[in-house]
Each structure stands twice: as C-alpha cells, then as structure tokens.
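The next block holds one structure in the form of structure tokens; read it before the comments.
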C-alpha cells in the first residue's frame, strides 16, 4: 500500500488518518477497540487524537480518547505498528490551556501516561497561542524531542501569517520545525485553506492532514436534505452545508459515483488526496462497516475530468 511522508520527516504513513475524537464520545471502549483493530489489521497506521477529546461530552473531563487508545495499545501490543499523533493547547479547564513551555512539558506527561507509551510520534499545537512567544513553544518541543518523548511536531488551526512566522523562527533559532499542519479542508470548505494556508504548506513542504474531511458526514451521501439531518450528532453543523454550493457538490458526487461505482465518501476523500499539498485526510467511523469506504479512497484514482467536475462544482 502506498505511503506518504509527513513533511520532511522520516515518518511515512498510509494516507488515511483515523480521527480519535469519537473514542469515549460517540462510541464506547469495546467498539473503539474493534475499529482500531480493523483499521490497523488492514495496513493503515496513523491514529490522531488530542488531550481535550472528548471534554465536551457531559461527564467527561478530557483525556478519554487518549485513555482508550492507551488501553488498546496495552491490550493489542500494536504500538510498533502505528504512527501515534496527539495534540496540546485546547482548554482543559482550570486554566489549563495554551502553548507555554511549562504547560507543554506538564501536559505531555499526562498524555504519555494516558496513552501508555514512552513516546509520541507526532505532537501538535492544537491551536495558535498568540500570548506565548513562538520561540518558547518551540523550545519546549526541542526539549521533548531531545528526551525522546516526541519524534516530530505539527500545527493545527494556525493562519498563514502565524504559520510562516513559526517556520521562520525555527530556521532562525535552530529549533524544531512544524512538519505537519491540520486545517479544516474538504470539498465544501476550501477558500480559507487554499488562499491562506496552501501557499505556506507548499513553500515549506509541510505535510497537510485535513480535518472535517467529509464535512461532518455531509459528503458521504448520507444526507439528501436538511430533513435527513434531524437528530444527527452534528445536526447544526451538517445543515450549514446545504447551501447552493452544497447542492452542486452533492450532484457532482452523485455523477462521479455513477461513473466509478465508488461510494461518495470514498470519492470526496480521493478528491482531497488528489490535491497537491494534501498528505492525508483525517476520518472517523463509529462502526467497522463504515471503515470500508474510507479504505477504498486510497486505491480510488479519479480521472482528471472527475477531479475537475468536483472542483468546478465546489468553486467559491
């Protein structure tokens, strides 16, 4: 199975990343274990989570996803088969947030303990923290890399100017470089990434790992109208995609589905994989059955005409 490098690092992944936000939120530990086993047993190898997942669920406090992954790693013995990614910086309550050196050094220990591992392959700044000097944040990561607790670092939810400044700071100060970027990017949500972030990713060779890759399920073909979204986990979020562009995109996906016989989710992900700056989309599933259309995206090669049809339909 083909692999792609994360930025300029020596870490390669099969280009579908499993998003661990569902662990401890919409699925329990037993279901999570079954999905993780199925994902890795099929040759896929990158799992992404964050310390804050899933603090938003009533009764949770954050760390639930990492804990489930850690329990699975201990039970399965598959740590050497995966590229493990997590994030730091979002609000964990009691003033615990941001990218100050002291906080990162404390929070990485909590993540390592929950994940039941000695090191994190990809440690990411979950969101920009303009109150903390970029140099201070990178110094924390430098220490963790030297200690062997982190292999490479990445950024998420940065804008182009701040990402550029971070890259320049790394070069000027001889500090670790962000090898990856996690932006919101999909067939419907394109403009901000393509105008502001894609040029920076291309300039510095940053590996791009997209989140909301299927627009909260909108691009899977599951929803044909706003009525279909009633009762959905992310009902309000999905409904916002049903604008004129959204309808055009759904029609284009249906057309390519007729041409290829592939599922619409596979097609939407294959379109992302056809974008020159994208390394891999992040996707989630709540059952092993849902994994099939995600797996299929890696081997689905859209024609130039099919890519153009989708790109034109989603023009902004």
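Throughout, read-outs are computed from the coordinates displayed, never taken from laboratory work. Computed from a predicted model, the values in this text were never measured in an experiment. Methodologically, a virtual Cβ is constructed for each residue, glycine included, from the backbone with ideal geometry; neighbour enumeration extends over all protein chains shown.
Comparing Cα centroids, the range 241-316 and the range 30-53 end up 22 angstrom apart.
When the P(r) of the chain is calculated, the portion above 25 Å amounts to 49% of the C-alpha pairs. The ranking of 22, 307, 150 from fewest to most other beta carbons within 10 Å of each one's beta carbon is 307, 22, 150. Going from the residue with the fewest nearby Cβ atoms within 10 Å to the one with the most, 129, 196 rank 196, 129. Per the Debye formula with a single identical scatterer at each Cα and no solvent contribution, what log10 I(q)/I(0) holds for the range 77-209 at q = 0.09 Å⁻¹? Per q value, in the given order, log10 I(q)/I(0) is -0.26.
Subtract the Cα-Cα distance of residue 41 and residue 74 from 0.36 nm times their separation in residues, and report this length gain in nm to one decimal. Please report the intermediate quantities before stating the final value.
On the way: separation 33, 0.36 × 33 = 11.88 nm, distance 1.62 nm.
Computed gain between residue 41 and residue 74 is 10.3 nm.
Its convex hull of Cα atoms gives the range 172-316 a direction-averaged projected area, equal to a quarter of the hull surface, of 9.8 nm².
Among 95, 24, 174, the residue with the largest mean-square fluctuation in a Gaussian network model of the chain, with springs joining Cα atoms closer than 10 Å, is 95.
Taking 20 °C and 1.002 mPa s as conditions, the range 4-182 diffuses translationally at an estimated 130 µm²/s according to Stokes-Einstein applied to its Kirkwood radius (Cα pairs).
For 56, 25, 72, the sequence from fewest to most other C-beta atoms within 10 Å is 56, 25, 72. Kindly list the residues of the range 134-155 that lie in the label zone of residue 168, defined by a backbone N under 14 Å from the point 7 Å along the Cα-to-C-beta vector. Those under the cut-off are 134-135.
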